[in-house]
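Some notes on the structure that comes next.
The values are calculated or read from the model by the stated rules, or taken from the named source; none is laboratory data. Owing to the predicted nature of the structure, the values given are computational and were not obtained by experimental measurement. Because the Cβ atoms are built from the backbone with ideal geometry, glycine has one as well, and the counts that use them run over all protein chains shown. The protein model used for the area step is the full one, side chains on, heavy atoms only, and it has no ligands, DNA or RNA in it. Shrake-Rupley method; radii C 1.70, N 1.55, O 1.52, S 1.80 Å.
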Amino acid sequence: MDFNMKKLASDAGVFFSRAVQFTEEKLGQAEKTELDAHFENLLAKADCTKNWTEKILHQTEVLLQPNPSVRVEEFLYEKLDRKVPSRVTNGELLAQYMVEAANDFGPGTPYGKTLLKVGETQKRLGGAERDFMHSASVNFLNPLRNFLEGDWRTITKERRILENRRLDLDACKARLKKAKAAEAKASAEHELRVAQTEFDRQAELTRLLLEGISSTHVNHLRCLHEFVESQTTYYAQGYQYMLDLQKQLGRFPGTFVGNAESTSPPPATTSPTTVAATIPVVPTVGRAPNPATAVEGALNLNDVKPPASGTRKARVLYDYEAADSSELALLADEMITVYSLPGMDPDWLIGERGNQKGKVPVTYLELLS
């Protein structure tokens with residue numbers, strides 16, 4: 001107990017002395033041993049690396065898990081070395097609701113069938129999101145955390161020791177200046193040599209650690225490439241899943257005809273989906289045909305003739321695989337001629353490419369003036 005009290009008193013005395021030194025240095029009343037410019041640049045680079053690594057790490061965590069309470073819970077599990085409980089993603093939860101709704105509405109009804117298809121795609125999207133989150137955590141977040149909790153803590157510890165060594169060195173310099181007697185000067189000079197040696201040794205150790213920041217940048221660069229690759233894979237999977245879903249839903253336009261005919265037409269907009277309303281319709285003579293009969297006639301490609309005027313050019317936005325012989329397969333970025341027929345589903349047009357013609361979905365087109 002007596003030893004501890006002495007050590008506590010000694011530490012308190014050292015702390016007070018260093019506090020006085022800091023104050024005198026700030027007021028310009030004491031000399032301060034300056035580090036060379038290269039060392040100062042290394043310190044600035046290290047601080048910059050630490051600050052931006054913390055910000056990037058935090059914002060990536062927000063991107064992967066927007067819910068702050070879940071992030072805190074996962075952090076606690078990691079600190080306690082316990083396994084984080086498995087959670088369903090938002091996409092998987094949405095898929096579950098859609099499937100349950102489809103079963104209640106009837107999986108054989110148009111709405112129920114569509115809910116099942118969309119729910120299946122949402123489940124696949126949720127799985128892709130889960131894979132992306134895992135890959136990003138292992139290949140990107142963990143290396144950033146390891147730097148902050150490992151290398152940076154070591155650098156911080158050694159920098160603190162270096163600062164103490166500098167204060168000791170400056171205190172020895174001050175005592176040497178104040179020494180008058182030869183014996184006091186000899187003692188002060190000896191203390192100064194010892195303090196200078198310890199300071200130089202600690203400065204070299206700290207310099208080596210700071211120079212390792214360049215290797216940290218190289219490692220983080222590699223991790224960043226892996227993060228981008230996993231994110232690219234995730235978005236590519238999502239795009240392909242939604243494209244497949246759009247194709248599946250586009251093959252059953254009749255599902256929506258009844259609803260479309262029973263509601264008032266939507267207001268005109270400039271979006272590619274609704275511009276089809278401005279495409280001229282082939283004129284008919286006499287009594288207006290029954291819509292169902294007109295659609296059946298439109299599907300007979302041998303009898304389909306383009307209007308004398310008013311056809312439009314369209315650019316294909318996505319690849320489209322024809323479901324049957326009545327449809328026209330499309331390739332992204334190609335140009336085709338399109339027009340509408342009386343009674344035709346507004347979600348579809350007749351497309352022509354050379355001698356080929358067939359139905360094409362409006363959502364896959366950008367209609368040009």
Fully extended, how many nm does the chain gain between T197 and R153 (0.36 nm per residue separation, minus their Cα-Cα distance)? 13.4 nm
Using the Cβ atoms and a cut-off under 9 Å, what net charge is assigned to the surroundings of L176, where Lys and Arg are +1 and Asp and Glu are -1? +3
Whole number in Å², please: accessible area per residue of the range 145-190, 1.4 Å probe, ligands, DNA and RNA not counted. 62 Å²
Among K55/K157; K32/K157; K50/K177; K247/K313, which pairs are too far apart, with a Cα-Cα distance over 31 Å? K50/K177
Förster-model FRET efficiency, 41 Å R0, D244 and V62, C-beta, rounded to 0.05: 0.85
Under 19 Å from a point 7 Å along the Cα-to-Cβ line of A186: which residues of the range 160-180 have their amide N that close? 175-180
Can you find, among M242, A181, G212, the residue farthest towards the positive end of the dipole of the range 105-255? Put +1 on the C-beta of Lys and Arg, -1 on that of Asp and Glu. A181
If I model a spin label as a point 7 Å beyond the Cα along the Cα-Cβ vector, how far apart are those points for E34 and E54 in nm? 2.8 nm
R160 and A101 label points (each 7 Å along its Cα→Cβ direction) are spaced in nm at 5.5 nm
